[in-house]
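Please treat every number below as a calculation from the coordinates, not as lab data. Note that the structure is predicted; figures quoted are calculated from it, not measured. Please note: Cβ atoms are built from the backbone with ideal geometry, for glycine as well, and neighbour counts cover all protein chains shown.
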Amino acid sequence: MELESGRPRHEQISDWLRDQIEEGTYEVDEKLPSEKQLGDRFDVSRVTVRRALQTLESEDYIYRRQGLGSFVKERRAAQGLVRLTDFAQDMAQAGLEASSQVEHHAPETPPPAVAVHLDTGDQTVMRLDRLRLGDGRPVAFDRTWLPMFYAQLLEDHDLEEETIYQILEAEYDIPVLRGHYRITAANADAPITDLLGVDAGEALLLIERLSLTEGEKRVYFQRRYYRSDRVAYELELARDTTRQGVAEHGMPLREFEPVFGDEAEEHGE
């Protein structure tokens, strides 16, 4: 495998290793190639390899032993994998061309609820509002708040073409490793109604997301309002038939992903 240009190298290496594990190339408790071997294979530094391994460790694909290396971890049914993606990745998976329009980008004192999520108190944060489109049609409206440290890293970048994930990972080697999601319904009001092209009071799908990087540092808090006629979320659950009764944590989540465009409209019929 040759690494592509334009994508973080550590991300490509973790994707390759993940595929190898899922395909059974490496069995449970089998040792992976060393950091040096992976570095030589992909012609990258050990720091880049280490970042790829950290990603897999955070996803529970591997475990590491000091002085011994990295080993494949048993994938327990109760854990399941739900990948953390950004808007551009969601659109690409749906076969749609992603684009954005910046509607607001300025510092402000955050609302109390946002300050709690970001743990910023009354410190000034940056608010970024973007209309998100798929194949030129409004799909979602994002309102994102970032601590000023991360906000200043976005300066001089085209936020209509680049995502926050892309900028932080590719330019500054700051990966977004985890996210807390909350999904509710909300009624559309101005200015969202005009931007999304919906009627006032129309039901929208609201997803609140807190994204974190290494050390549990809070990168941003976001509220995304989806047009409910253009997106639906599909869940795939797997029942553990090897156990008696109901599993301790319920059915493990195997897939949880958005469906866009005509497919979403079909699901809503």
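When a/c is below 1.5 the answer is rounded, else prolate if a/b is larger than b/c, else oblate, so apply that to segment 1-71 with a ≥ b ≥ c taken from the square roots of the Cα gyration tensor eigenvalues.
Verdict is prolate for segment 1-71.
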(request) Report relative contact order for segment 134-232 in percent, whole number only (criteria: Cα-Cα under 8 Å, sequence separation at least 6). (result) 35 percent
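What shape does segment 74-225 have by the C-alpha gyration tensor, where a ≥ b ≥ c are the square roots of the eigenvalues, rounded means a/c under 1.5, and otherwise prolate means a/b greater than b/c and oblate the rest?
Values: a/c = 1.31, a/b = 1.11, b/c = 1.18.
Judged from the Cα gyration tensor, segment 74-225 comes out rounded (a/c under 1.5).
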(message) With θ taken as phi - 60° and the coefficients 6.51, -1.76 and 1.60, list the Karplus ³J(HN,Hα) couplings across segment 213-228 in order, rounded to whole Hz; mark glycine and proline as x.
(response) 10, 4, x, 6, 6, 8, 8, 6, 10, 9, 10, 10, 9, 9, 5, 5
(request) Go ahead and run the numbers for FRET between Asp19 and Arg137, Cβ-Cβ distance against an R0 of 41 Å, rounding to 0.05. (result) 0.80
